[in-house]
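Working notes, structure below.
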Amino acid sequence: HVGVVDPGVGSDRRPILADTGREILIGPDNGLLSWAWRTQPDIRVRVLSNEAYRLSQARVTFDGRDLFAPAAAHLASGVDPALFGPKIDRPLILDWPDPVRTEGRIEGRVLVEDAFGNLITNIPFEDVAMEFTEAALEIELNGRDVGELCGSYEAITGVTGVVVNGTGLLEIAANRRSAAEATGARRGARVVVRKRRVKP
């Protein structure tokens with residue numbers, strides 16, 4: 001996999017290769033590979049320093065073309081990852097807020113508002129499923145109920161609802177509109193998942 005989210009291209013940030021044992025990730029050492037580092041305990045990271053595996057006339061403004069894509073092509077052709085450069089102990093890791101789990105409750109945060117106004121949280125559905133098997137859930141955003149867990153965006157019938165996104169995280173969404181606009185919430189907003197309380 002090649003990632004080129006790289007505003008620091010041309011700087012002294014390192015081009016790296018991360019080998020998880022099942023897949024290889026290539027990109028800049030700017031925090032882009034933080035998630036892989038956190039979730040893959042046996043990951044091995046190397047600097048892409050061997051000039052034999054890059055374009056011969058590499059420029060300083062286009063590492064995606066000149067370094068990362070050639071490295072990926074050589075790997076796909078069977079070149080041993082160990083030949084690309086020396087190991088490093090630790091790439092740059094961005095802070096990632098983990099949800100807080102207490103008995104009967106998971107508290108997290110909105111990580112990002114995407115281009116559609118969906119509010120992506122840091123709460124994995126896997127954790128919710130383990131904690132609340134078969135239970136009716138109450139999901140709150142800044143203390144207000146945001147609706148049911150739904151199987152798709154189209155299934156959301158209230159103002160907002162919650163879906164499981166493509167990375168397995170809970171996402172507060174709205175059907176054909178912006179959940180961010182509907183709720184007024186932004187990055188950092190508090191999200192709580194608990195078993196639905198019985199009202200007297």
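The values are calculated or read from the model by the stated rules, or taken from the named source; none is laboratory data. Because the structure is a prediction, the values reported are computed rather than measured. Note: ideal-geometry Cβ built from the backbone for every residue, glycine included; neighbour counts use all protein chains shown. Heads up: the accessible areas ignore ligands, DNA and RNA and are worked out on the full protein's heavy atoms, side chains in. Shrake-Rupley method; radii C 1.70, N 1.55, O 1.52, S 1.80 Å.
Residue check: is Val9 modelled with pLDDT under 90, touching a helix residue (DSSP H, G or I) at 6+ places or on another chain (Cβ under 8 Å) and assigned to a loop (DSSP other than H, G, I, E, B)? Judged against the criteria, Val9 is a match. Residues that are of a type in the set (Phe, Trp, Tyr) and either without any contact (Cβ under 8 Å) to a residue 24 or more places away in the chain or surrounded by fewer than 19 Cβ atoms within 10 Å (Cβ to Cβ) (or both) do not occur anywhere in region 49-61. Listed by first and then second residue, the pairs with beta-carbon distance under 6 Å, at least 6 apart or on different chains, first residue in region 116-140 and small (Gly, Ala, Ser), second open to solvent by 30 Å² or more (accessible area, probe 1.4 Å) and part of a loop (DSSP other than H, G, I, E, B), are Ala136/Arg196. What is the residue count in region 1-19 for residues that are open to solvent by less than 30 Å² (accessible area, probe 1.4 Å) and in contact (Cβ under 8 Å) with a residue 24 or more places away in the chain? The number of residues fulfilling the criteria is 7. Residues in region 121-170 that are out of contact with any helix residue (DSSP H, G or I) (no Cβ under 7 Å at 6 or more places or on another chain) and small (Gly, Ala, Ser): Ala129, Ala135, Ala136, Gly143, Gly147, Gly151, Ser152, Ala155, Gly158, Gly161, Gly166. Each residue in region 31-48 was checked for being assigned to a loop (DSSP other than H, G, I, E, B), within 15 Å of Asp89 (Cβ to Cβ) and open to solvent by less than 40 Å² (accessible area, probe 1.4 Å), and 2 of them qualify. Residues that are at pLDDT 95 or above, among the hydrophobic types (A, V, I, L, M, F, W, C) and part of a loop (DSSP other than H, G, I, E, B) do not occur anywhere in region 125-138. Suppose we keep only residues that are at pLDDT below 95 and out of contact with any Pro (no Cβ under 9 Å at 6 or more places or on another chain) within region 101-112. Which one would you say is least open to solvent (accessible area, probe 1.4 Å)? Per the stated criteria, the residue is Gly104. Of the listed requirements (1) over 30 Å from Ile123 (Cβ atoms); (2) at pLDDT below 90, Leu94 misses just one: (1). Taking region 138-180 as the range and being open to solvent by 20 Å² or more (accessible area, probe 1.4 Å) and in contact with a Leu (Cβ under 7 Å, 6 or more places away or on another chain) as the test, the residues that pass are Leu149, Val164. Being under 23 Å from the mean Cα position of the chain (by Cα) and not hydroxyl-bearing (Ser, Thr, Tyr) is a description that does not apply to Asp80. Take the conditions (1) of a type in the set (A, V, I, L, M, F, W, C); (2) closer than 14 Å to Leu169 by Cα; (3) exposed (fewer than 12 other Cβ atoms within 10 Å of the Cβ); Ala115 misses just one of them, which is (2).
For region 140-191, the set of residues classified as of a type in the set (Lys, Arg) and assigned to a loop (DSSP other than H, G, I, E, B) consists of Arg176, Arg186, Arg187, listed by residue number.
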